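To start, the structure under review is shown below, and the notes come after it.
What follows draws every value from the coordinates through simple rules; no lab data is involved. Small disclaimer: the values here were computed from a predicted structure and weren't measured. With ideal geometry, Cβ positions are generated from the backbone for all residues, glycine too; neighbour counts draw on all protein chains shown.
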Amino acid sequence: PRLEFGEEKIKAERMFGLMDVFLKNDPLSLQKDILDHVEFTVAKSRFNFDDFEAYHALAHSVRDRLIERWHDTQIHFNRKGPKRLYFLSLEFLMGRSLSNTVINLGVRDQFADALSQLGFEFEVLAEQEGDACLGNGGLARLSACQMDSLATLDYPAIGYGLRYQYGLFRQVILDGFQHEQPDYWLNFGNPWEIERVHITYPVKFYGTVTDEVLNKEKHKVWVPGEVVEAVAYDNPIPGYGTRNTIVLRLWAAKPSDQHNMESYNTGDYVDAVVNRQRAESISSILYPDDRSYQGKELQLKQRYFFVSASVQDIIRRFKDTHKNFNEFPEKVALQLNDTHPSLAIAEVMRVLLDEEHLGWNRAWDIICKIFSYTTHTVSSEAMEKIPVDLMGSLLPRHLQIIYDINFNFMEKLKKMIGLDYDRLARMSIVEEGAVKNIRMANLSIICCHTVNGVSRLHLELLKTKVFRDFYELWPHKFHYKTNGVTQRRWIVVSNPSLCALISKWLGTEAWIRDIDLLIGLRDHATNAELHQEWKMELCNDLMLVCTIGNVQVSLNAMFDVHTKRIHEYKRQLLNILGIIHRYDSIKNMNKNDRKKVVPRVCIISGKAAPGYEIAKKIIKLCHVVAEKINNDNDIGDLLKLVFIPDYNVSVAELVIPGADLSQHLSTAGHEASGTSSMKFLMNGCLLLATEDGSTIEMIEEVGRENMFLFGASVNDVPALREKGPALKVPLQFLRVVRMIRDGHFGLKDYFKSLCDKIETGNDYFLVGADFASYLEAQAAADKAFVDEDRWTQMSILCAAGSGKFSSDRTIQEYAEKTWGIQPCRCPS
Ligand code: 7GP
């Protein structure tokens, strides 16, 4: 039975009756749909079209089904009127959509059958799709996983983001160096989005603020100097095992018709058009640096553009059904994904004050009830600061509001802590100095009811270091929700054979929605039959090998994978030094000892921010070392090193299922959580890791004995750093660094600064201090790998214990403890 529609029931039933006819999922209907789209959407003859055209027709047929469910979900939400979550993020790393969508809609096999009768293979067409890379790294992929969980768990949520025309740069490696190429991902059209030409909002910039009297009360009026139009592009996000389909609404900039009318009269017609065109640049490019905020005007413009359009949309939706803003907090929860969207605080305040005329106290009361904030870093460089001058010129009214919020806060604070000027200065939203800055983290903490960290350790660091002053003031605000990833994409889509195996042994597919069931695998952890099948499954390495290309690798090698953004704190350098050490040791072994060596294929992949010189040197070092090792016939296939260029979601989907061992080497206290480790763990890949971020919680879930842990703990780190030049590093470490310095791999001048950075006394990330313990963990991994039964059992136990790290669990915690929203399930 379909939805009930009140008075419109009859009309709606007739319409949905028609839809039913259109959107049947039997092979014949699907084929007809696909061919219709070939003929009328792609505009190719249905008798002659290639894989690429078939992909587009297929994608449109899938999209039709998405749209139907999305409409039904919207109607249902509108009828029920639940509190909604608005998830604001400047970054979403969605990757490809096709495979994930058909799986969530439950029509994968039907489409595959229909296609095969048309002479096409689903997998081949799926390869035609490019990645949507509208984000940098962990934070952005987390948003994508969370959208999947929000839809699957039936939460009434909307994601808001920016529709960048250029996603994260494509990494091209030329002679071992990273080069960045623009990712104009919309080149061939994007079948997964729906342009909403009628959903547009004006966004204002620059100008002046004046006082006006209205009904005897003074009001601020912002007269902008520039107006740009925001257009909505909707990307439906289907839940799994539910009809619910939510939306990710991305904003694109286009020139506004409201403005610049004069220039048309003065004869500057061409200039005026060129100026209009410039408006579009606001949403044109994703900033590729996840380490620091540059204080660039365009970036601030981008952020405000996104925030203003989203806030207008949210308030419009509220006002469609409500008159009184007192009810706003009962209907609206706004989640800030890091501080990037935190201008939303000042924007909502501005709308409530200047447009809705609520008065300061009422407006402030609402602000304090609706916003929550999650921070994704522990590094103070990554904390966003906006120069006051920049803010004052671009957003003059917002600067006033932020000053007012700060004034009130400072007055209150003085009463609470007295005249402790250092602490007052640290907690102020305004940072004094040569350049005055607005501290967006302070603004967020002061205005949000909840501040979340992304792992238990992260919260500890927030409390004791990063936000200590604030924690002491408001301990109740600080919480954590350990990150999670979606098992739909990271097992069901990317590792279908493991998915089938798990379902077979658990006797159900229910774990795809209810991840806690995975624990049931523990009961079979020593079962010989499962071991046999699991080992076969792990042998999927073969797939990986084929894609690695020219490097000849041994099939019984251990596939050792290290994939993530290149950062000093993530210590790819430690891995490379370890590889050099392994190479050097093998070279010095006699024939007999060499027989005992476990062959390794080391895979490294990741992008460096374009301006991050040291990270780029690490990539080059990886290539020169690979060049040397891979061409050394003397060691044959005992050791290989492969750098996979252009790491993105699709590459991750390929390597994660094939990995035996994965590395997570951050210096303890630097990785807020880490999420790739969760994907590896779910896929039964063993972890070689430091006790950092969410790894600490993994130890509790899968047991220390099933992981290879090493290195200084968070508590050790300060003392080690303090030692400076007196810090002890092992001889092997000095030896491998010396090899690089001496030009063993060439380019000794080029690598000098890299070597200097890890010299004792200089080695902030403790590569030398952790080296001995790293080698021990590697040796333990080799030893375990030889014992096949032990390794297989460990692998099964890793997957079995990975349930906690599903984003379903994370989202449910957020919903219940932070956002106060309830599931709202659309009848199917
Ligand atoms: C990352 C963190 O580095 C990572 O530890 C965490 O798992 C992930 O967020 C998701 O919470 N941070 C970013 O990607 C980032 O851009 C700058 O942080 C604010």
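Observations
- Shown here is the pair-distance distribution of the stretch 354-494: with all Cα-Cα distances grouped in 10 Å bins from zero up to the longest one, the shares run 10, 35, 34, 14, 5, 1 percent.
- Alpha carbon centroid spacing (whole Å) that separates the stretch 278-328 from the stretch 341-385: 12
- Neighbour-count ranking [beta-carbon atoms within 10 angstrom, fewest first] of Ile635, Ile619: Ile635, Ile619
- Each Cα pair under 8 Å and six or more residues apart adds its sequence gap; the mean of these over the residue count of the stretch 488-805 is a relative contact order of 23 percent.
- Exposure proxy ranking, count of Cβ atoms within 10 Å, fewest first, for Met391, Met536, Met440: Met536, Met391, Met440
- Remark: the stretch 281-288, residue by residue, has Karplus-estimated 3J(HN,Hα) of 5, 4, 9, 7, 9, 7, 6, x Hz, where x stands for each Gly or Pro and the curve is 6.51 cos²θ - 1.76 cosθ + 1.60 at θ = phi - 60°.
- Sparsely packed GluC sites (Glu not before Pro) within the stretch 398-495, loop by DSSP, other Cβ within 10 Å at most 14: Glu432
- Taking every C-alpha pair closer than 8 Å and separated by at least 6 residues, the mean separation divided by the residue count of the chain gives a relative contact order of 14 percent.
- Spread of Cα-to-Cα distances over 10 Å intervals beginning at zero, given as percent, for the stretch 115-242: 9, 22, 29, 21, 12, 4, 2, 0
- Using a cut-off of 28 Å between Cα atoms, the listed pairs Lys481/Lys620; Lys465/Lys564; Lys296/Lys804; Lys83/Lys570; Lys83/Lys216; Lys331/Lys481 include Lys481/Lys620; Lys296/Lys804; Lys83/Lys570; Lys83/Lys216 as exceeding that distance.
- Value of relative contact order over the stretch 651-787, rounded to a whole percent, pairs C-alpha under 8 Å and six or more apart: 22
- Within the chain, helix-based [θ] at 222 nm, where runs of 4 or more DSSP H residues each add -39,500 (n - 2.57), nearest 500: -13500 deg cm²/dmol
- Dipole magnitude for the chain: about 1420 debye, using +1 per Lys or Arg Cβ and -1 per Asp or Glu Cβ, origin at the Cα centre.
- Sorting Tyr164, Tyr240 from the fewest to the most surrounding beta carbons within 10 angstrom yields Tyr240, Tyr164.
- Residues listed by number, the stretch 385-404, amide nitrogen under 17 Å from Asp211 label point at 7 Å toward C-beta: 397, 400-401, 404
- The packing ranking of peptides 293-306, 357-370, 660-673, highest mean first, is 660-673, 293-306, 357-370, where packing means the average number of other beta carbon atoms within 10 angstrom of each residue.
- All Cα-Cα separations within the stretch 488-805 were binned at 20 Å from zero, giving a P(r) of 33, 58, 9, each value a whole percent of the pairs.
- Note on the chain: Kirkwood radius taken over Cα pairs, Stokes-Einstein applied at 25 °C and 0.890 mPa s, translational D equal to 86 µm² s⁻¹.
- Packing-based order for 784-797, 413-426, 644-657, 686-699, using average beta carbon neighbours within 10 Å, highest first: 686-699, 644-657, 784-797, 413-426
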